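Peer 1: Shown below is the structure under consideration.
The values are calculated or read from the model by the stated rules, or taken from the named source; none is laboratory data. Please read these numbers as outputs of a predicted model, since none were measured by experiment. Cβ placement follows ideal geometry from the backbone for every residue including glycine, while neighbour counts extend to all protein chains displayed.
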Amino acid sequence: MFDPLLHQNIRSKLISLLITNEELPFKALKEYLEVTDGNLSSHLTKLEKAGYVKIEKSFEGKRPKTVVHISNNGRKAFIKYISELKKFIEEN
C-alpha cells in the first residue's frame, strides 16, 4: 500500500526535491512547488511530525531563515514509496 503521507502531489514533489538536494531553504521550496507560505508550512509540519524532514530555523542578521533537510527516515520512506509505485505500474 502507498504511504498516504507521500501519496500526495506536493509532498511527493517536496521529498523528491530534498532527495536530490539534501537540504533546501523554505523560500526555494516555495518557488519550486509554486505554493503559498501557509500551504508549504502545512505540508512541512506533516512531514516533520512523521520524521521525514528536519526543519532548521535561524537568523541571518535580523531576517529569519528556514532550511529543510530530508531525514534518513524520509529517504527510506520515499525509496519504498517509489518502489511500490513501480510495482503497481508493472502489475497493471
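Peer 1: Answer yes if at least one residue in region 23-37 is in contact (Cβ under 8 Å) with a residue 24 or more places away in the chain and within 18 Å of Phe2 (Cα to Cα), and no otherwise.
Peer 2: Within region 23-37, none of the residues are in contact (Cβ under 8 Å) with a residue 24 or more places away in the chain and within 18 Å of Phe2 (Cα to Cα).
Peer 1: Only one of Thr45, Thr66 is loosely packed, with under 13 Cβ neighbours inside 10 Å and either modelled with pLDDT of 95 or more or among the basic types (Lys, Arg) (or both); which?
Peer 2: Sole residue among the options that is loosely packed, with under 13 Cβ neighbours inside 10 Å and either modelled with pLDDT of 95 or more or among the basic types (Lys, Arg) (or both): Thr45.
Peer 1: Which residue out of Ser71, Ser83 is more than 15 Å from the chain's Cα centre (by Cα) and modelled with pLDDT of 95 or more?
Peer 2: Selected residue: Ser83, the only one of Ser71, Ser83 that is more than 15 Å from the chain's Cα centre (by Cα) and modelled with pLDDT of 95 or more.
Here is a yes/no grid of residues against (1) at negative phi; (2) part of a strand (DSSP E or B); (3) touching a Phe, Trp or Tyr at 6+ places or on another chain (Cβ under 9 Å):
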{"residue": "Lys27", "(1), (2), (3)": "yes, no, no"}
{"residue": "Glu31", "(1), (2), (3)": "yes, no, no"}
{"residue": "Leu40", "(1), (2), (3)": "yes, no, yes"}
{"residue": "Glu56", "(1), (2), (3)": "yes, yes, no"}
{"residue": "Lys80", "(1), (2), (3)": "yes, no, no"}
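Peer 1: I would also like to ask the following. Considering only residues that are more than 13 Å from Glu23 (Cα to Cα) and hydrophobic (A, V, I, L, M, F, W, C), which ones fall in region 45-78?
Peer 2: Residues satisfying the conditions are Leu47, Ala50, Phe59, Ala77, Phe78.
Peer 1: Against the conditions (1) in contact with a Phe, Trp or Tyr (Cβ under 7 Å, 6 or more places away or on another chain); (2) over 22 Å from Asn9 (Cβ atoms); (3) among the polar types (S, T, N, Q), where does Asn72 fall short? Just the number, please.
Peer 2: Asn72 satisfies all of (1) in contact with a Phe, Trp or Tyr (Cβ under 7 Å, 6 or more places away or on another chain); (2) over 22 Å from Asn9 (Cβ atoms); (3) among the polar types (S, T, N, Q) except (1).
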